[in-house]
1. Kindly check whether there is at least one residue in the range 312-334 that is aliphatic (A, V, I, L, M) and out of contact with any helix residue (DSSP H, G or I) (no Cβ under 6 Å at 6 or more places or on another chain).
2. Say we look at the range 393-408 and pick out the residues that are away from the ligand (no atom under 13 Å from the Cβ) and open to solvent by 60 Å² or more (accessible area, probe 1.4 Å); which of these is farthest from E59 (Cα to Cα)?
3. Looking at T181, is it crowded, with 20+ Cβ neighbours inside 10 Å, within 10 Å of the ligand (Cβ to nearest atom) and of a type in the set (S, T, Y)?
4. Quick one: how many residues across the range 236-252 are away from the ligand (no atom under 16 Å from the Cβ) and not small (G, A, S)?
5. So which of L214, L271, L219, L198 ends up being more than 16 Å from the ligand (Cβ to nearest atom), crowded, with 19+ Cβ neighbours inside 10 Å and either of a type in the set (D, E) or more than 20 Å from the chain's Cα centre (by Cα) (or both)?
6. Are any residues in the range 100-133 assigned to a strand (DSSP E or B) and open to solvent by less than 10 Å² (accessible area, probe 1.4 Å), and if so, which ones?
7. Name the pairs whose Cβ atoms lie under 6 Å apart, with the first residue in the range 159-181 and touching a residue at least 40 places away in the same chain (Cβ under 8 Å) and assigned to a helix (DSSP H, G or I), the second within 11 Å of the ligand (Cβ to nearest atom) and not hydrophobic (A, V, I, L, M, F, W, C), and 6 or more positions between them or separate chains?
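The values are calculated or read from the model by the stated rules, or taken from the named source; none is laboratory data. The shown structure was predicted, so the numbers you read here are calculated from the model rather than taken from an experiment. Cβ coordinates were reconstructed from backbone atoms using ideal geometry, including for glycine residues, and neighbour counts include every protein chain displayed. SASA here: full protein model, heavy atoms, side chains in, ligands and nucleic acids out. Shrake-Rupley method; radii C 1.70, N 1.55, O 1.52, S 1.80 Å.
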Amino acid sequence: MEERLERAEQAFRALRGTSFAERAGWMRRVAGLLEEEAERHGRMMTLEMGKPLEAARAEALKCAATCRYYAEHAERFLADEPVDTAPDTSFVRYQPLGAVLAIMPWNFPYWQVVRFAAPALMAGNVGLLKHAPSVPGCALALEELFTRGGFPPGAFQTLFVEVAEVRRLIEEPRIKAVTLTGSEGAGRDVGARAGGQLKKVVLELGGSDPFVVLPSADLDAAVETAVKARLINTGQSCIAAKRFIAPASIYPEFERRFVERMRRVVVGEPLEAGTEVGPLALAHIRDGLHAQVEKSVAAGTTLLLGGQKPPGPGFWYPPTVLANPPPGCPAHREELFGPVAVLFRAKDTEDALRLANDTPYGLGATVWTRDEAEQRLFIDGLEAGTVSVNGSVASDPRLPFGGVKHSGHGRELARHGLLEFLNIKTVRVS
Ligand code: NDP
């Protein structure tokens, strides 16, 4: 670890002497490698954490697009900004901080890392990755990609360390800032420790995203999108839609169609074409999810589909639908990280908005309505980092991504993500 910290320092000094154009060239080469080798990287993800291969290949390509996005835009985003303070001359300059520790999860083992690394390296920072222990091959492949792309040795390194060592790293003076994508508990711990060291921290934590369907919506399209939004990555996504809310006037029809569509989902081997839902990634994820379902049903939640843990090997869990959980039970308050949807019957539109916000989380939120006044009401009123109207929530390198409330703070992607780990230096010349 000591060697790697030292190498990171040297790489930071080396990167300070490089131009945007040089770094953009290396970043484009990384993008090219991801594109040429999408099959190899996709297989690595599928074998280590079980996501369907088609989605894994798409993840590698999305990483490539993000590398290209920052290669193209970073220089313009970080150019000096003149500010009129006549008679003085003033400007804002953006400068990198140094080594950033990135603590990452297994669910999107390439994407979560690249959406941090591409802007960080383009800005001239260096990255040290503590990846989830279940995806070591992905962690090494990512380090190799940045080296093969041409970045100086040490600009992006993987550390195989446990949480106790991560805590020491947060205190280490050579680490200048920390970013974490993971659970709320990990976020509280890392945020508190980084705060104790007065270090900048970005936290991308969980979500319990609402998906509201109102009477004017195209119900067929809404149901199709709702099921896909719940089952993305076998339900193991922070921005998967998790709570589905419809007012009483359309609730019975929404419920009927939603359950019917969930029943038809193709569950299967993740390496086989056509598989929509694979196994869950880890034993504790499946056991935790099943315990949440059982507790919710025992508390009075209606079980409409699934809910049984299949016998035999593998961490399989069936597409499951719960309805109208009583307040306080897990399906009402907690994040369900797997293929389990929770339906809520609202009294009316206002009540649907209230239910949508009735969660400690605030990552993404979706509303389906063709009524413009309702669209305005929800765009304004939803407590979330992202609002999607007549679609689903998805990250995009051109748009900032992050949450409010217990979903964390700070932003990734777009120009906003690039600015997180920089010294925004004010210069005034009299
Ligand atoms: P964790 O949050 O425990 O793990 C994510 C990463 O954080 C891992 O690299 C982990 O390392 C590390 N980590 C965990 N605790 C600490 C800590 N105190 N200090 C420093 N690093 C830490 O997620 P799990 O894999 O256990 O999943 C549990 C739940 O978290 C899920 O059910 C889901 O609700 C949520 N989650 C959310 C994600 C998101 O995209 N926002 C992604 C993954 C999970 P290690 O594994 O070595 O402990």
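1. Residues of the range 312-334 aliphatic (A, V, I, L, M): 321-323, 331.
The next check asks that each one be out of contact with any helix residue (DSSP H, G or I) (no Cβ under 6 Å at 6 or more places or on another chain); those that pass are 323.
Yes - at least one qualifying residue is present in the range 312-334.
2. K405
3. On the way: crowded, with 20+ Cβ neighbours inside 10 Å: yes; within 10 Å of the ligand (Cβ to nearest atom): yes; of a type in the set (S, T, Y): yes.
Spelling it out, T181 is indeed crowded, with 20+ Cβ neighbours inside 10 Å, within 10 Å of the ligand (Cβ to nearest atom) and of a type in the set (S, T, Y).
4. Residues of the range 236-252 away from the ligand (no atom under 16 Å from the Cβ): 244-252.
Subset that is not small (G, A, S): 244-245, 247, 250-252.
Counting residues in the range 236-252 that are away from the ligand (no atom under 16 Å from the Cβ) and not small (G, A, S) gives 6.
5. From the options L214, L271, L219, L198, the qualifying one is L214.
6. Restricting attention to the range 100-133, the residues satisfying the condition of being assigned to a strand (DSSP E or B) are 100-103, 126-130.
Residues satisfying the conditions are V100, L101, A102, V126, G127, L128, L129.
7. Once the first residue is touching a residue at least 40 places away in the same chain (Cβ under 8 Å) and assigned to a helix (DSSP H, G or I) and sits in the range 159-181, its partners that are within 11 Å of the ligand (Cβ to nearest atom) and not hydrophobic (A, V, I, L, M, F, W, C) give V166/K130; I170/R193.
Yes/no per residue for (1) at pLDDT below 95; (2) in contact with a Lys or Arg (Cβ under 6 Å, 6 or more places away or on another chain); (3) among the small types (G, A, S):
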position	(1), (2), (3)
G17	no, no, yes
W26	no, no, no
A31	no, yes, yes
P52	no, no, no
E59	no, no, no
C63	no, no, no
C67	no, no, no
A71	no, yes, yes
